[in-house]
Amino acid sequence: MEILIASAIGVLTAGGVYLLLRLRTFPVILGLALLSYAVNVFLFASGRLAIDQSPILARYGEGSYTDPLPQALVLTAIVISFGMTAVLVMIGLAAYLEADSDRIDIDPVESRDDDQRGGAA
Amino acid sequence: MNDQGFFLFLISALPFLGALLPGIMIRAGRNACASFTAVPTALALVLLMILAPAVLRGEVIEAEIAWLPQLGLSVSFFLDGLGLLFAAMILGVGLLITLYARFYLSGEDPMGQFYTYLLLFQGAMLGIVISDNILLMLIFWELTSLSSFLLIGFWKHLPEGRQGARMALAVTGSGGLALIGGMLILGQIAGSYQLTEILQQGDAIRASEWYLPALILILIGAFTKSAQFPFHFWLPHAMAAPTPVSAYLHSATMVKAGVFLLARLWPVLAGTEAWFYIVTTTGLITMVLGALIALFKDDLKALLAFSTVSHLGLLTMLLGFGTTAAAVAAVFHILNHLTFKAALFMTAGIVDHETHTRDIKRLGGLRHLMPITFAIGTIAALSMAGIPLLNGFLSKEMMLEEASHTVWAGSALAVPVLATLGALLSVAYSLRFIVHVFFGPKRDDYPHKPHDPPFGLWASPALLTVLVVLIGVMPWLAEGIVTAAASAVTGADLHPHLKIWHGVTPALWMSVIAVLGGAVLLALHRPLDRAWTLAPRPEAKAIFDRLVAAVVALSCTITEATHNGAISRYLAIFVVAAVALGAAAFAGSGLSATTRGLLPVPPVIAIGWLMLVVACASVVILHRERFTALVLIGIIGLTISAGFAYLSAPDLALTQISVETVTIMLLLLALHFLPKTTPAESTLARKARDGVIAVAAGGGVGALAYAFLLRDISTISQFHLDNSYEGGGGTNVVNVILVDFRGYDTYGEIIVLGIAGMVIYALVHALVGGPAGRRLRERDYSQDLSRDRHPLMMVVVTRVLMPIAIVVGAYIFLRGHNQPGGGFVAGLVIAIALLMQYMASGFAWTQARKRIEYHTMIGFGIIIAGLTGAGAWLSGTPFLTSAYTYVHLPPIEEFELATAMFFDLGVFLTVLGAVMLMLYSLSRIARLAGETVNAEAMDFDPADRVIDQRPGA
């Protein structure tokens, strides 16, 4: 089990990093989404793996429970990473609509031209 | 703290508090504005006068509040003789300048702004002279640089004003940096940042090996501020400021800050060879050079500026001598220079104001047209020349006396001769100020017909001129303050006697030579001026500009090399660096033995893993087909949520599955406006490079995860398990952690989520108004659209689902404290139900039925959560401590009511509001892009017979 989880984290990270290094906004956003999955699972796994030991206290008697703290932290992390993805998507969309290009790199020569045009205007 | 200490605090705070007034009072008119500027200044001056008798008796008034004691930083002030002298000068002249500026500034100048800047500057300057803590003093020091920048550049429309302000800021600001270094070293040597303690340790500081670096750094700070050679060039360029600013900053206050610092640290720094040679020589050169340039300046204010440079050099030289008598002379001259130089600046301002020119070559003969100005200017200028019975004479005699027996590098003549030369040049330019402006024939080609200004404009310089004469005739008047200040500077108990007649001394002869020589020079001015114009000399401004250009070019080169706009390159560097750091850390320390065994793998889980890996690989391979990639991302997310469910994390599974749904919806909507495919533009080499980086990163993270999964660590989690039910009243430990143990984190996180929603809303708002909005309106989407955009089946199903979803949401919310669920999940579930309505029937139709704004929902969510947390204060417990009780209502089972539930309600509302606001914002783009707005719930409504009966339908 541990091997599967660790390798899944590794695969998600590798895929995320590869997409992160692409040149257009959409793959980069997908890459970030993959990376957030990897990070969330990684944080969750820091509580070590357990089966059938949900951190829901039994009403009667003693039970054994998995570590609840990473779960609580990851829960908010999932929601926050949604917020982050949403903001990124909007920025990417806005950049595309403004510039009519979804490239993430700025061509140095192009940017200098822009500066000059801005200065002359 | 006693009353006196409290007064001292008030004095330091009044200018800053008062700075708020002018900006408001300008609405009530210019007189009201000026009066309200005068009030805090006058009040501070009155308080200072109340404290003055005690200080003159030799007491030191102290006041202290700890600020950051860990850093040795405290808000502590002390007032001794030197501080009193400077504070009185700052406040007294401040009051006069306030009056003068009221009449000097024209109707078009924003007077409220001016007075606000003036008071800010005044407060900063006052802070320097009464600070006890040197860190605090540094803060005020920088504040004077900043506020003087605003004042010098007050006339923003003048390029000279802007350039002068920038130059002053650059020079004094970089000097300030050096000063910070010097002061920190000084504090380290002395073991304290309290000035009063540092001043006790002169011997230890002078003996330290760090003495020389500290001295040089502090001197750079002082010399840049006080415009000493070779940093003198900024002061004349700062003359582009309005004249009240020049009169205030450049005669009385800011430029004296450097001299003040030299005087303040005199007991610990002075008396060594290094001090003597650096300070005396710099002062001497500055004095002679400044006076020489002043003689050939045609701009009245430039002449005065260089004369100020020269007099500051004189003061620096006196402090450099390191004798107590020289220190007395310096203190006395500080006072005298203030009186005549401020009066002269204001006179120059009046001449400029009345004739509309400051060019000496275009002036002359003004004594008949402006008799009052003539009288004021002449008396003040004669004092500057050092003519007997005026105060300038007294301190200049003392300076010459000290210079006459100073030996410089074995030469007994160097200092006396150069000092006499400086005095001679000083006489020459002072006389030139009088003769070339006021004497000579009356002209008829002034740019504006001059006459004496109104009383308000000449009152301030006149008052200063009265002081010039009074001190000049009755020097014992100033004895009290000079004694107190000089004693504070030297740390010795001094009793100087200020006299007009010292007998026939060498100084008297030097004075006579200076006056006669100065008169001769003035007579020869015309030929000398021609020679000066022809002589080559370095232009400081050009050198400075070239230096700035070189620095800018250098930083451009560095920036363009490292920050070239290619984000993918930065990201690659970042990932590689992170992997390298991780590898380095790992290589440094081996692994401990494993403590955990492996869990078994059931077949279903193995299939799930395979799905995830295949989906992930497919995303990487197929990512250019964006829609396919999105579907695959959805598969990955769902697999992960199934994994959470299997690995004892039901809350995470619920959250992941609902977040996944919302994320995919969001990306789908965004993809609607983006290109549907990614062009192939990476070379094979680049793909290989990225692949290597990706595999290295993935391998590293995977190995790390595997390593810690097999080892146990000690955690604090048992505490949460033990106290969840007893303390938090819930059995779902994850939820109790979220709303109780770590409620403050959650509170922060919902605020972040709310902000993210607002950011997106604002972004879209800005977007639709800009060029992108125009582009959207012109865009043609007709081919993208399905003909049946709002299908009947979907509309009906989502309508039926809506109440069910709400019930489910409420159920998940209510049980959250004890069973998997809670505010986060409930918010997402309801958001999805609402989104389904939007998708089924269109945004316009749904929007028209919406009752509550999403912004309001976010706001209420945060307020409710915050109020719940604050409610804990009522019972005297810390923020967000929850309380709970059990309630029994007959038809329902006994249930629990915890305050944490209200907090969770806040979470619920914020999450719902934020998610909806984000997607709603996207829909605004869609509507702008010319999509048809639907008024009906579905496109083809079978209940609507009219469509059916239409012929041909």
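Tabulated values for the structure
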| quantity | calculated |
| --- | --- |
| J(HN,Hα) series, the range B:367-375, from Karplus relation 6.51 cos²θ - 1.76 cosθ + 1.60, nearest Hz, glycine and proline x | 5, 7, 7, 10, x, 5, 4, 4, 4 |
| Between helix B:134-152 and chain B: long-axis angle, C-alpha atoms, 0 to 90°, nearest 10 | 80 |
| Set B:Lys156/B:Lys225; B:Lys225/B:Lys297; B:Lys396/B:Lys449; B:Lys341/B:Lys442; B:Lys341/B:Lys361 screened for pairs whose C-alpha atoms are more than 29 Å apart | B:Lys396/B:Lys449 |
| Magnitude of the charge dipole, the protein assembly as shown, Cβ model with Lys/Arg +1 and Asp/Glu -1, debye to 20 | 2680 |
| The range B:638-699: trypsin sites (Lys or Arg not before Pro) falling in loop per DSSP and having at most 13 other Cβ within 10 Å | B:Lys676 |
| Cα centroid separation, the range B:389-454 to the range B:623-678 (Å) | 83 |
| Contact order relative to length of the range B:697-759, as percent, for alpha carbon pairs under 8 angstrom and 6 or more apart | 16 |
| Whole-Hz ³J(HN,Hα) from phi, Karplus 6.51 cos²θ - 1.76 cosθ + 1.60, for the range B:820-834, glycine and proline x | x, x, x, x, 4, 5, 4, x, 5, 5, 5, 4, 5, 4, 5 |
| Alpha-carbon centroids, the range B:124-167 and the range B:59-102: separation in whole Å | 16 |
| Order of B:Leu303, B:Leu897 - criterion: other Cβ atoms within 10 Å of each residue's Cβ, fewest first | B:Leu897, B:Leu303 |
| Placed amide H near B:Ala883: partners under 5 Å, 5+ positions off or other chain | B:Thr899, B:Ala900 |
| Spatial separation of Cα centroids for the range B:316-349 and the range A:1-42, in angstrom | 71 |
| Helical segments meeting 15 Å axial Cα length and Kyte-Doolittle 0.5 threshold in chain A (DSSP H) | A:2-20, A:25-45, A:68-99 |
| Per-residue Cβ neighbour rank within 10 angstrom, fewest leading, B:Cys556, B:Cys616 | B:Cys556, B:Cys616 |
| Percent RCO, i.e. relative contact order, over the range A:2-120, from Cα pairs under 8 Å lying at least 6 residues apart | 24 |
| Amide H contacts under 5 Å for B:Asn133, placed H, 5+ residues apart | B:Ser76, B:Leu195 |
| Other-chain or far-sequence residues with amide H under 5 Å of B:Asp299's (modelled H) | B:Ile360 |
| Taking B:Thr281, B:Thr172, B:Thr868 and counting other C-beta atoms within 10 Å, the order from fewest to most | B:Thr281, B:Thr868, B:Thr172 |
| Helix B:540-562 axis, angle to chain B major axis (alpha carbon atoms, nearest 10°) | 20 |
| Rel. contact order, % - alpha carbon contacts under 8 angstrom, at least six apart, chain B | 8 |
| Rounded, prolate or oblate (a/c below 1.5 giving rounded, otherwise prolate when a/b exceeds b/c) for the range B:297-537 by Cα gyration tensor | oblate |
| Longest segment of chain B lacking GluC sites (Glu not before Pro) that sit in a DSSP loop with at most 15 other Cβ atoms within 10 Å | B:210-538 |
| Between 0 and 90°, nearest 10: helix B:899-928 axis offset from chain B longest Cα axis | 90 |
| Overall Cα dimensions of the protein assembly as shown, principal axis frame, Å, largest first | 115, 75, 67 |
| Neighbour-limited loop hits for chymotrypsin sites (Phe, Trp or Tyr not before Pro), the range A:1-78 (at most 16 other Cβ within 10 Å; DSSP other than H, G, I, E, B) | A:Tyr60 |
| Sites B:Leu668 and A:Leu43, calculated FRET efficiency, Cβ-Cβ separation with R0 41 Å, nearest 0.05 | 0.90 |
| Sum of side-chain charges, B:Ile26 neighbourhood, beta-carbon under 15 Å (Lys, Arg +1; Asp, Glu -1) | +1 |
| Trypsin sites (Lys or Arg not before Pro) within the range B:27-128, DSSP loop, no more than 10 other Cβ atoms inside 10 Å | B:Arg57 |
| The range B:116-133 - phi-based ³J(HN,Hα) in whole Hz, Karplus 6.51/-1.76/1.60, Gly and Pro as x | 4, 4, 4, 5, 4, 4, 4, x, 5, 5, 4, x, 4, 7, 10, 5, 9, 8 |
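FYI, it's all coordinate maths here, none of it is from the lab. Computed from a prediction, not measured in an experiment: that's the story for all the values here. With ideal geometry, Cβ positions are generated from the backbone for all residues, glycine too; neighbour counts draw on all protein chains shown.
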